[in-house]
Amino acid sequence: MRFGFIGDIVGKPGRALVKEYLPRLKEEYGLDFVIANGENVSHGFGINRKNAKELLNNGVDLLTGGNHSWDKKEIIEYMDEMPILRPLNYPLGVPGSGIGYLKSEKGTLAVINLMGHYAMPQSQNVFVEILQALENLEPNDGVFIDFHAEATSEKQMLLHLLKGKVSAIVGTHTHVGTDDLQIYQKTGYLTDIGLTGCRDGVLGMAVQSPLKRALTGISYPLEIPKECKEIFQMVVFELEEKECIDAFKIKIYDKDSVFTTKAWHEL
Ligand SMILES: [Fe+2]
Ligand SMILES: [Fe+2]
């Protein structure tokens, strides 16, 4: 089984990059599924139904979320009927689900969306919740986790809690990719995949407002740049009998600079 994961897709530039590259890459690399974090899809904050459908029509099979899952309130009522997850460890009773299953003739992939604690909304203990959730999963041929967290330490702790027990863990939320793609005791791991969208602003947003805020302390509305330098980032995992046997990351800068990085193996 082979699948791709795209991190925080930021605004219209991010959606346009998915449309431009994903259908071709999905075929070229023989991906059974593509999962993408959708918390910043609609003008940088949340995801509306129209934009979710657009991504699902362009090759994304399942959308994950994070602290911005709820910014476009209209999506809440569609969370149960559309393939959209929100972090599992939100308090009991919050709408939506943190676990989804993708099925093909190659098998079933369980996808779990988690959220960290540092600088994040109130939630249940993520480390306790995931251990319980893993015991109650439906039969599957692999488990993938999108860990939406600010702190790199929390992400590394999750790796050490779950190494050898899940197929792959990738961090999202910081919008800045880290350089540590590896296969650690049969678990594919990357601390943060980084955004897909504009690479020359601040976390995918235009630089003017954050800079004015930095200089004055006064906040201004964040905007998606009308024009920008682009980055598309996807990590690909290959599983065999639930274990990660290969992983690589594809980065595309603007139209024609494509970089592929292989994971290192840690026994
Ligand atoms: Fe984000
Ligand atoms: Fe986030």
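Listed values, structure above:
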| read-out | value |
| --- | --- |
| Region 246-267 - residue that is of a type in the set (A, V, I, L, M) and either touching a Lys or Arg at 6+ places or on another chain (Cβ under 8 Å) or within 17 Å of THR191 (Cα to Cα) (or both) and, of those, surrounded by the fewest Cβ atoms within 10 Å (Cβ to Cβ) | VAL258 |
| Per-region count, region 208-251, residues more than 19 Å from ASP8 (Cβ to Cβ) and in a strand (DSSP E or B) | 9 |
| Inter-residue pairs, beta-carbon under 9 Å, first more than 16 Å from PHE5 (Cα to Cα) and in region 56-85, second within 16 Å of ligand 1 (Cβ to nearest atom) and among the basic types (Lys, Arg), 6+ apart | SER69/ARG86; TRP70/ARG86; MET79/ARG86 |
| Inter-residue pairs, beta-carbon under 6 Å, first under 11 Å from GLY188 (Cα atoms) and in region 154-176, second within 16 Å of ligand 1 (Cβ to nearest atom) and assigned to a loop (DSSP other than H, G, I, E, B), 6+ apart | VAL170/ILE193 |
| Filter result (aliphatic (A, V, I, L, M) and either within 19 Å of the chain's Cα centre (by Cα) or surrounded by fewer than 19 Cβ atoms within 10 Å (Cβ to Cβ) (or both)) within region 223-245 | ILE231, MET234, VAL235, VAL236, LEU239, ILE245 |
| Only listed residue being under 19 Å from LEU102 (Cα atoms) and among the β-branched types (Val, Ile, Thr), chosen from VAL202, VAL170, VAL207 | VAL170 |
| VAL176 vs. criteria within 14 Å of GLN233 (Cα to Cα), within 16 Å of ligand 1 (Cβ to nearest atom) and assigned to a strand (DSSP E or B) | no |
| Residue within region 252-261 that is closer than 26 Å to LYS163 by Cα, without any contact (Cβ under 8 Å) to a residue 40 or more places away in the chain and part of a strand (DSSP E or B) present | yes |
| Subset of region 124-173 that is more than 23 Å from GLU243 (Cβ to Cβ) and more than 16 Å from ligand 1 (Cβ to nearest atom) - its residue that is surrounded by the most Cβ atoms within 10 Å (Cβ to Cβ) | VAL126 |
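None of the figures in this text is laboratory data; all of them are computed from the coordinates on show. All figures in this text were calculated on a predicted structure; none of them were measured in a lab. Don't worry about glycine lacking a Cβ; one is built from the backbone with ideal geometry, like all the others, and counts go over all protein chains shown.
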